[in-house]
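Have a look at the structure below before the remarks.
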2 protein chains.
Amino acid sequence: MRIGELARLTGVSPRSLRWYGEQSLLRETRTSGGHREYDDDAVERVRIIQVLFAAGVPARHVAGILPCVDTGTTTPAMVARLEEERTRLRAQAAELAATLERLDEVVVETRLRLLAA
Amino acid sequence: MRIGELARLTGVSPRSLRWYGEQSLLRETRTSGGHREYDDDAVERVRIIQVLFAAGVPARHVAGILPCVDTGTTTPAMVARLEEERTRLRAQAAELAATLERLDEVVVETRLRLLAA
DNA sequence: CTTGAACCTGACATGCATGTCAGATCTTAC
DNA sequence: GTAAGATCTGACATGCATGTCAGGTTCAAG
């Protein structure tokens, strides 16, 4: 598929998709005229990239995490990086959950206070 | 306590703590000489702020979420904003968890591939 | 073959949180 | 009161992902 369709399917702007390509996060082939061409896997891949970005993983780390970017090869360094980042994300998810709990408490307290007023 | 101690306790730079103050994320009083003074709650508060930042909540939203910043007042708008953000964070936490699952799969697959090689 | 939509490259701009540096002022221990 | 360390303000710089704009090329439908 071409960049417009991928953008539509993922909600990510063409500008960003081109940048993902530059950063080797996304595999792209070219038509004879130079237009980018993506295969169907790209949709899922873009979604994962977005989640990782939202979790604060910088692009240069994502490139080191997601295997098979260009060559299909996977190095032990990639596995190490992946496990490392996975650990970090687990910790972050736990902290986020704890903070959500606290926010829940605040909501309840605040509602009570407003009811009393 | 003063800014240096708060920085040490939280791991957040004095520069950032001053900026939190500017953005009304953090309550600060001043000594007669103009130095910032924080009370003990600030430590916990800074930690929460950091978790929210890591979850992608921009500072201007944080200011609207955490109640009682200066005045101790809490408006219905704050509650609405808080619940809204809470919903977003829950969705994000779920997505993050799903992505972690997928990364786990990739780790296993990759290990197998490496073992086979 | 033409035309309008989609795409290309390249450059500059933005928002956000933080880093860094300079020069001045405050605080505290002696 | 003085010296050393902590803090102040204000300004400029950085990294990251994205937005935007301009001028040109390609694609596909008629």
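Bear in mind these aren't lab numbers, they're just calculated from the coordinates by the rules spelled out. Quick caveat: nothing in here was measured; it's all calculated off a predicted structure. Please note: Cβ atoms are built from the backbone with ideal geometry, for glycine as well, and neighbour counts cover all protein chains shown.
Averaged over the residues of peptide B:89-97, the number of Cβ atoms from other protein chains lying within 10 Å of each residue's Cβ is 5. Rg/Rh for segment A:3-82 stands at 0.97; both radii use Cα atoms, and Rh follows the Kirkwood definition. Computed FRET efficiency, Cβ-Cβ of B:A54 and A:D39, R0 22 Å: what is it to the nearest 0.05? Computed FRET efficiency for B:A54 and A:D39 comes out at 0.10. Peptide B:98-105 has a mean shielding of 5, counted as Cβ atoms of other protein chains within 10 Å of each residue's Cβ. Placing a label point 7 Å from Cα along the Cα-to-Cβ direction at B:Q23 gives distances to the equivalent points in the other copies of 2.1 nm, listed shortest first. Per-residue shielding of A:49-60, expressed as the average number of other chain Cβ atoms within 10 Å of the residue Cβ, stands at 3.
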